[in-house]
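Everything on this sheet refers to the single structure shown next.
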Amino acid sequence: MKYTYYGHSCFSLEMNGKHVLFDPFISGNELAGHIQIDAIPADFILISHGHADHIADAVVIAQRTGATVICNWEVAGWLQNQGLTNVHPMNTGGSRAFDFGKVKCTVAQHSSGLPDGSYGGNPMGFLLFAEGKQLYYSGDTSLTLDMQLIPKWAPQLDAAILPIGDNFTMDVADAIDAATMVGAQKVVGVHYNTFGYIVIDPENAKNDFKTAGKELLLPAIGETIEL
Ligand code: NI
Ligand code: MN
């Protein structure tokens with residue numbers, strides 16, 4: 001399964017021939033200036049919560065590609081107010097099969113207000129089941145005991161995509177504990193170094209994971225790796 005990183009918490013997974021884009025925030029990310037937003041393919045867009053650093057480019061990409069946007073009920077309504085029609089609302093605990101695979105929405109401990117101050121419902125993470133693989137994207141979250149439920153639904157997790165930047169989310173140490181709780185040996189780090197509040201040392205982070213017997217992958221912005 002191909003994972004392409006677009007910076008911050010924006011990434012794409014190719015699942016069953018579909019491009020599934022997560023948390024599109026590119027135009028506001030100085031580190032992602034070399035990414036051509038107009039060239040990003042998307043059949044589906046999954047949005048974890050309403051904060052601008054996860055939704056800022058969702059409308060423009062969805063309008064160009066016609067992608068189906070999957071997010072919580074309140075964010076879905078807000079996107080419809082922005083003119084999007086191809087929106088699929090879900091909510092925490094719910095699962096649904098799509099063309100690319102199955103999605104289960106998981107609990108995230110965070111907030112979700114929308115850029116204009118509208119109520120954005122509750123933040124979510126996603127479990128993904130496709131091509132015989134099991135992936136977990138936690139969304140923005142603290143370490144939470146809810147993560148202990150993940151192995152019940154995904155007993156053979158192939159990888160977890162977790163925030164590691166601290167300040168707004170888990171730091172590296174908490175992400176290592178999260179990886180242990182969810183049963184992930186391989187972690188892809190997101191939500192770090194985009195702006196001053198969340199600057200970390202990537203090499204230290206990799207070493208901390210290694211010391212814990214785990215692997216932290218930090219692809220460059222624009223890089224594609226195999227998960
Ligand atoms: Ni957030
Ligand atoms: Mn965020």
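The values are calculated or read from the model by the stated rules, or taken from the named source; none is laboratory data. None of the values given here were measured: they were computed from a predicted structure. A quick note on method: Cβ atoms are made from the backbone with ideal geometry, for glycine too, and the neighbour counts reach across all protein chains shown. The area values use the complete protein model at the heavy-atom level, side chains included, leaving out ligands, DNA and RNA. Shrake-Rupley method; radii C 1.70, N 1.55, O 1.52, S 1.80 Å.
For this structure, a couple of remarks:
- Entry remark, the range 4-63: residues being out of contact with any Ser or Thr (no Cβ under 6 Å at 6 or more places or on another chain), crowded, with 19+ Cβ neighbours inside 10 Å and on the phi > 0 side of the Ramachandran plot number 1 in total.
- Of all residues in the range 128-187, those being small (Gly, Ala, Ser), within 22 Å of LEU46 (Cα to Cα) and not in a strand (DSSP E or B) number 10.
- Any hit, the range 34-43, residues being touching a residue at least 60 places away in the same chain (Cβ under 8 Å) and of a type outside the set (S, T, N, Q): yes
- Residue count for the range 72-117 satisfying the condition of being open to solvent by 40 Å² or more (accessible area, probe 1.4 Å) and either touching a Pro at 6+ places or on another chain (Cβ under 7 Å) or assigned to a loop (DSSP other than H, G, I, E, B) (or both): 15.
- Considering the range 188-206, the residues that are under 22 Å from TYR136 (Cα atoms) and assigned to a helix (DSSP H, G or I) include one that is nearest to the chain's Cα centre (by Cα), namely ILE198.
- Residue check for ALA173: more than 15 Å from ligand 1 (Cβ to nearest atom), small (Gly, Ala, Ser) and open to solvent by 50 Å² or more (accessible area, probe 1.4 Å): yes
- So ALA184, is it open to solvent by 50 Å² or more (accessible area, probe 1.4 Å), among the aliphatic types (A, V, I, L, M) and at pLDDT 95 or above: no
- Residue ID - farthest from the chain's Cα centre (by Cα), chosen from residues in the range 9-53 that are hydroxyl-bearing (Ser, Thr, Tyr) and closer than 23 Å to LEU162 by Cβ: SER12
- The range 187-207, residues that are open to solvent by 10 Å² or more (accessible area, probe 1.4 Å), hydrophobic (A, V, I, L, M, F, W, C) and within 16 Å of ligand 1 (Cβ to nearest atom): PHE195
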